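Below is one structure; the comments refer to it alone.
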Amino acid sequence: MANSKRDPLESLKQFTPARIGVGRTGTRPLTKDVLQFRTDHAAAVDSVYGTVPEKILSEFNLFSVATQVESMEHYLKRPDYGRLLADEAKSILQKSCLQAPDVQVVVSDGLSAKAIEENLSDVYPALIDSLDSYNLKIGTSFFVKGGRVACMDEIGEILKPKALVLLIGERPGLMSAESMSAYMCYQPGKGKKESDRMVISNIHKRGTPPIEAAAHIGTLIDKMIQQQMSGVHLVI
Amino acid sequence: MYKTTTLLGETFSFHSLKEIMAKANEERSGDELAGISASSMKERMAAKQVLADLTLSEIRNYPLLSPDEDNISELIENQLEAAVYEIIKNWTVAELREYILSDQHVSDDLLTLSQGLSSEMIAATAKIMSNLDLIQAASKIEVQTTCQTTIGQKGVLASRAQPNHPSDNIKGMRASLYEALSYGIGDAVIGINPVIDTTDNIYTLLHETKNMINEWSIPTQNCVLSHVTSQMRAIEKGAPADLIFQSLAGTEAGNDSFGISLPMLDEATALIQEKGTAAGPNRWYFETGQGSELSSEAHYGIDQVTLEARCYGLARHYQPFIVNTVVGFIGPEYLYNSKQVLRAGLEDHFMGKMHGLPMGVDVCYTNHMDADQNDMDNLSMLLGTAGVNFVIGVPMADDCMLNYQSLSYHDIATVRQVLGQTPAPLFAQWLEEQGITQNGRFTSKAGDPTIFMNLT
Amino acid sequence: MTSIGLDIGTSTTKLIVSELLIAQSQDQFTLPGCQIIDRRVTYASSIYTTPMVNEVEIDVEPLTQLLQKEYKQAGVTLEQVHAGAVIITGESARKQNAEKIVHYLAEHAGNFVVATAGADLEGVLAAKGSGAIECSTQTEHIIANIDVGGGTANIALCQDGKVIETFTLHVGGRLIRLDKNGQVTYVSSHLTEFLENSSSPLREGGKASFEQLSTICQRMAEETVNYVKGSSMASSLLVLPHTRSAVQPDSLLVSGGVGAMMNGKKPETLEEVTVHGDIGPLLAYHFQALGVSQAPETARATVIGAGMQNTEVSGSTVYIKSDRLPLKNVPIVNIPVQQEEEWEPVRFQKRVQQALTQSYTLFSEGDPPVALALSHFPYCSYKMLQQLTKTILAEFTACFKEAKCLVVLCEQDIAKALGQALAKQSKTLDIICLDQIDFTHGDYIDLGLPVAGEAISVSVKTLAFSS
C-alpha cells in the first residue's frame, strides 16, 4: 500500500526506467549519478569482453567449439567470421553430436558473456524440461565461442536438426548487461533468411522471465516441427 | 579512370575513381569490412594526393554509380545548377577545399557554390580536409529552416528531446519530456522512437506529443520516428504531425531495403504539406548514418563517406526542416572507436551543411564500441564550435529504449553555456516565461521536471 | 465477445450490454501477450425501480419479465452472452434475495454470467465504470471514487489503474425518505448514531424543515469527504469496521445516483428536495458545495463496471492440460510464496499445508476443489521452481486425496513454466496453470474458454452476501 502523499518527483520516476529527476549542479549532473552512469557502462563493456566460466558450461555438459574469430576486436570488426565455424569445430561436431535430432540446442557468448553466466542455469534446464514435455529428441548441446546469430546455418548444415535453438548474449545496454536472446529456426542451413528465424529477446531477471521464456521456446519448437516452418507465418 | 602517383619513392596506382575515393578516406572499420580501404598509411596519402588533383568535371564524368542504374545518382545529377557548375568545373578538389576555407567566402558564397556541387564532389573535399578544416568550413554556413518555429540561426544550438520508453508508456514519456523541458531541451523537435510500429500506436503518440505541446504552448514541433508509411496512415487518420520522418540511404537499393522509394517520399511530401499541422514550409525530418548501405549489401563497393554524402544529395531534394546523422549507432564493424566516430561526425556535419542542409548530429555510441561518454563530451564541443544546428538529448545520456548512449540534457545545456549559445529564439523566450531561465541563465526551477505536473 | 452487466440495487435496477474486443500483441521479440483492447457499451437499458415485495425483499417475477424484455430490446440471446456480471448491491444484497436471484439468473441470464455481490467489489466496479480508474492511469494522482446510491456509498481509492483501498459508508439518497410537505416516512436505523451526534432529531412520522435537512446533508457530505480524504480517521457511518490507511487522495469523484444529480443547482424548497421522495438532490448539492467533482459516468457506473470490466483475460503463455473448462465458482486460496526476505521452502511448505487444510473443511467437494493463488511471487529460478512444484503437489494430493484437477493462479508471467514442471512431476493430475491474474479483490474465480491463442477469459468475484 502506498504511503500517504507521494513525492511528485518519485511518482514521475516510477513511470520510466529513464534516468530522470537527477538534479544538477550548475549545468552538470550530481556526482553520484555521473559515477553510477559510468559504472553501468563499465559493466556493459566488461560483459562484452568477458568470458563464460568453464564451470557453468561443465555443469550442463556443454563442450566448447570456436568460430573463425581470432580475438574480440576481430569479432567486433568482422561479423562475417563469427558466422563460420573453425575447421576443427566442424569435425568435432560431426564426431561428438547426435545427427538429425528433433531439436539442437546451442549456446554462444555473442556480445555478452555475462548474459550466459547469469541466465544459463535457469534457462537451459527449463528448456530441456520443456522440450522433453513435448517428447522431442534433443541433440547433443554445445557452446560456440565468438558466435553470431547466423552461425545457426552452418551448424544446421552439419547436424541436420529439424529445429535449432541458439541461446546467445545480446549487445549489452546500460539497463541490463546480462540480457540473453533465444533465436529459433526450422531446418537451419545455407540460404535461410533473417525472416525465417524467430527470437525471444530481453531474457534476464528483470526482463522476460528466464524459465517462462524457456517454457515458451519449447511450445514454439513443437509448433515449428508440426507445421514444418518458422518465421512470421508460424501459427502460434 | 587510371591514375598513378609516386610518393616517397613508392609508386601507387589506382584503377578507378571508386578506388581513389575509398582509399582517400581516413581509416574506418566499415571500409575494411567492405575490403576497399587503403592498405597502408602511405597508400592512403597517395590516394588523397591523387584525389586533390582531380577536377570536378572528372568526378562528374566518371560516375561511381551510373544514373541509369540508380535513381539517387540520377536525382543528384539532375540537381546540378548548370550556371554554377560551368564556372567551377575545371577546379581541382584542392582548389575547392581552398575556396571553401578562404576568409573571402562567407555563408552565402558557399550556399551558392553548393548548387553546382554534386554529393561526390563534396565527399571528395571532405576526404582531403583535416578535422579542424571540417569545423572551420561548417561553422561558416548558416542554414535556417522553418516548421512551426525557426532554427539554425547563428549562435543557436537547438536540441531534440527524445523521451523514449521501452514500452511506449505515455506517462513514462511525459516524465522524460518534463525533465528535458526543464533543462531547455526540445526546441528542434519532440521526437519519439516508438517500439510498436502500428498505425494506432503512431496515431496515439502523435496526439500525445501534440497535446503536450498545446498544453504548455511550447514553441516546437512534434514527430514520431516510425517507418514513413505508418506515419502516413496515422496522418491520413487525422493524427496531428508537424514533421514526417524517414531514414535514408545513399543508393536506390539501400532505400529499397529500408522499404522506401522516391515516389513514396513524394507522396509523403504531398501528404504532410496538405495535412501536416505545422505552419512553415519545411516538414521533413531525415536521419542518416555511415555504413547503412554496406549493412544492407547495397553499397556497390563505394566507400561509406561518399554514400553518406549521397544521402544528403537525396535529402536536399525535399527541403527538410532537420537532418541528422546517427553517427555512433551502427556499431564497431563500421566505426570501431571514438577516433573514427569523431571523424565521421565532423565529416557528416560538414558534408550536410555543404549541401545546404539544416544539419544536426546524434552524438552517440553503443556499448560494444571502443568509446565512452568522455568521447561524446569531446565531439559535442567540437560540433558546437562547428555550428551544428541541433543535437539529441536523452535522460543522463542513456536511452532506455534504443539501448545506446547519446548526450544528456545536462550536456546540451553545458555546451550552450560554455560556447555562449542559446536555444531557438521563441523557445528561449518560452523558457523565460516558464521561469526556467532568467536572462538566459538557469533559475532554481531548471532541472525540476515536477513543474510540468498538473498538481491540482 | 458479448458481455452483460446487471445491477440490482436498493432503489434501481439497470442493464447494459457491451462488446469486448480481444487482441494478441504483435511484438515478435517478447513472449506473446493478450489483452482486452476495447470495451464498448452497445446497449444501456433505462433505469428501473427495483420491484420489491416489501421493504427488503426483491420480487423475482417482475424482475424476470423486465430482464426478458430488455434482452429482446437489446437484440441479444442467451447463447450470445459469454461474459458479464450480475451484481446485487447495497441493502438488497441480503441473503434471501441474493440466493433466489443467483439461482434464477444462472439459468436465465446467459451461460457465462457471474453472480456477484459484496461492498468491496461494488466499490471496485463503480470505480471502473465511473472512469475513475482510467483517470488514475492518465495522471500521477490518487483518485477516490465515491459511488453514492440509495443506501450506501462505496469508496475506492485508485492509483495507476489499480484499486488500493475500499470501504463503505452508510451514506445515500434514500436513507431518509419524506413527502413534499416534509413528512418523514423512513429513517434508516443506520443513521441513528449519526443523527444523535449531529443533534438533529428526526423521527419517522415527524416533520422536517428544509434547513434541518440541509444541515443533515451537509454534515453527511462533510463526514464522507473528510473520511475519504483521510483528514478524519473515524466515522460513525462506516458499514464495517475499517482502519483508514494514510493514503490521501488528490481528487474525489462522485458517481452513482446521487452523483447523477450533481447538476450545480441548489434545491431551494422542500418541494425541490423531495422530487424522488428522499434527500438525494440535497445530498448531491452538498457534495458539490464541497468542491467534489462529478464522475464521467454516474448512475450507471456500477453496472458498466460489472458488465464491461469484470471480465479479464489470462496471460498468453499458460498451461492447460484439462478438458474441464469452463469452470465456475472455484474458491481461491491465497498463498504467499515469499513473505520473508529470502525464499524459504520450509516456511512456504507450512503455509501451503495450513491454507489447504483450512480450505479443505470448507471446500472439499468440487474438482478442482480450490484454485491455489500464489501471491508475493519473487524472481523464480529453476531451482526454486523445482522446490515450489514439489511442495504444491505433495500438499495438494495429501489434502485433497480425491481430486483429479489442480488449478494454480499467479500474477507474474510464470504459468507455462510452472505448469510444465507440475505436469512433469505428476502424471495423474489434470493441471491448469494461469498467470497475469489479479485475484486481490476476489474469493472465487470462473475460468472460461480460450479467447485468443492459449489465453482464456476469467472473472474474479466475491460471493460474500451480507445476511
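List the lysines whose Cα sits under 23 Å from the Cα of residue B:210, skipping any in the same chain fewer than 8 residues away.
Within the straight-line cut-off, residue B:210 pairs with A:13, B:171, B:237, B:275.
How charged is the neighbourhood of residue A:129? Take every other residue with its Cβ under 12 Å from the Cβ of residue A:129, and add Lys/Arg as +1 and Asp/Glu as -1.
Counting the neighbours of residue A:129, the net charge comes to 0.
Distance from the Cα centre of the range B:416-445 to that of the range B:245-275, in angstrom?
36
How big is the charge dipole of chain A about its Cα centre, in debye rounded to the nearest 20, if each Lys and Arg gets +1 on its Cβ and each Asp and Glu gets -1 on its Cβ?
Roughly 740 debye, rounded to the nearest 20.
Let me have the 222 nm mean residue ellipticity of the protein assembly as shown computed from DSSP H runs of 4+ only, each contributing -39500 (n - 2.57), with the sum over all residues rounded to the nearest 500.
Calculated from helices alone, the mean residue ellipticity at 222 nm is -11500 deg cm²/dmol.
For Cα pairs less than 8 Å apart in space and 6+ apart in sequence, what is the mean separation divided by the residue count of the range C:318-434, i.e. the relative contact order in percent?
The normalised contact order for the range C:318-434 reaches 36 percent.
Would you please put A:212-222, C:235-245 in order of how densely packed they are, using the mean number of other Cβ atoms within 10 angstrom per residue and starting with the highest?
A:212-222, C:235-245
To make sure I understand the rule: partners must be lysines, Cα under 19 Å from the Cα of residue B:18, and not fewer than 8 residues away in the same chain. Which ones qualify?
Partners within reach: B:3, B:42, B:48, B:127.
What angle, in degrees between 0 and 90 and rounded to the nearest 10, separates the Cα long axis of helix B:373-385 from the longest principal axis of the Cα atoms of chain B?
Result, in degrees: 80.
Show me the three semi-axes of the equivalent ellipsoid for the range B:1-57, from the C-alpha gyration tensor (sqrt of 5 times each eigenvalue), largest first, rounded to whole Å.
17, 14, 9
Putting +1 on Lys and Arg Cβ atoms and -1 on Asp and Glu Cβ atoms, find which of C:176, C:226, C:130 reaches farthest to the positive end of the dipole of the range C:105-258.
C:176
How about residue B:23: which aspartates and glutamates have a C-alpha closer than 17 Å to its C-alpha, ignoring those fewer than 8 places off in the same chain?
Partners found: B:10, B:31, B:32, B:43, B:53, B:120, B:303, B:308, B:347.
Once the Cα gyration tensor of chain B is diagonalised, what are the square roots of 5 times its eigenvalues, in whole Å and ordered largest first, as equivalent ellipsoid semi-axes?
The answer is 37, 23, 21 Å, longest axis first.
May I ask for the angle, rounded to the nearest 10°, between helix C:382-399 and the longest principal axis of chain C, with both axes built from Cα atoms and the value confined to 0 to 90°?
Once rounded, the angle reads 70 degrees.
Compare the Cα positions of C:215, C:1, C:335 along the charge dipole of chain C (+1 at Cβ of Lys, Arg; -1 at Cβ of Asp, Glu; about the Cα centre) and return the one farthest towards the positive end.
Of the candidates, C:335 comes out farthest on the positive side.
On the principal axes of its Cα set, how long, how wide and how thick is the range B:388-438? Give whole Å, largest value first.
Its Cα atoms span 34, 23, 16 Å along the three principal axes.
If you count, for every residue in A:163-173, the Cβ atoms of partner chains within 10 Å of its Cβ, what is the mean?
2
I'd like the orientation of helix C:95-108 relative to chain C: the angle between its Cα long axis and the longest Cα principal axis, in ° from 0 to 90, rounded to 10.
Taking Cα atoms only, the helix is inclined about 60 degrees.
What is the order of B:283, A:83, fewest Cβ neighbours within 10 Å to most?
Taking fewest neighbouring Cβ atoms as first place, the list is A:83, B:283.
Is there a quick way to get the dipole size of chain C? I mean about its Cα centre, with the Cβ of Lys and Arg at +1 and of Asp and Glu at -1; what is the value in debye to the nearest 20?
Result for chain C is approximately 560 debye, rounded to the nearest 20.
Please compute the Kirkwood hydrodynamic radius over the protein assembly as shown, one decimal place, Å, based on all pairs of different Cα atoms.
Taking the inverse mean of 1/r over all distinct Cα pairs, the protein assembly as shown comes out at 33.6 Å.
Inside 10 Å of the C-beta atoms of C:153-162, what's the mean count of C-beta atoms belonging to other chains?
1
Taking Cα centroids, how far is the range B:362-399 from the range C:378-449 in Å?
If you average the Cα positions of each part, the centres end up 50 Å apart.
Quick one: net charge of residue B:261's neighbours, Cβ under 11 Å, K/R +1, D/E -1?
Here the count lands on -4.
Ranked from highest to lowest mean number of other Cβ atoms within 10 Å per residue, what is the order of the peptides B:84-91, B:28-35?
Result, highest mean first: B:28-35, B:84-91.
Can you sort A:19, B:160 from fewest to most other Cβ atoms within 10 Å of each residue's own Cβ?
Listing A:19, B:160 from fewest to most nearby Cβ atoms yields A:19, B:160.
Compute the convex hull volume of the Cα atoms of the range A:49-227, divide it by the residue count, and report the result per residue in Å³ as a whole number.
104
How big is the gap, in Å, between the Cα center of the range A:106-136 and the Cα center of the range C:150-185?
When both Cα centres are located, 56 Å separates them.
Beyond 21 Å between alpha-carbons counts as too far, so tell me which of A:223/C:390; A:55/A:90; A:223/C:427; A:145/C:424; A:137/A:223; A:160/C:416 fall in that bin.
From A:223/C:390; A:55/A:90; A:223/C:427; A:145/C:424; A:137/A:223; A:160/C:416, over 21 Å: A:223/C:390; A:55/A:90; A:223/C:427; A:145/C:424; A:160/C:416.
Would you kindly calculate the mean projected area, averaged across all directions, of the convex hull enclosing the Cα atoms of chain C, in square nanometres?
So the Cα hull casts an average projection of 23.1 nm².
So how long is each side of the range B:139-201 along the principal axes, counting just the alpha-carbon atoms, biggest first, in Å?
So the extents along the principal axes, rounded to whole Å, are 42, 27, 20.
Read-outs throughout are calculated quantities, based only on the coordinates presented, and are distinct from any laboratory measurement. All of these numbers come straight from a predicted model, not from anything done at the bench. All Cβ positions, even for glycine, are placed from backbone atoms using ideal geometry, and neighbour counts span all protein chains on display.
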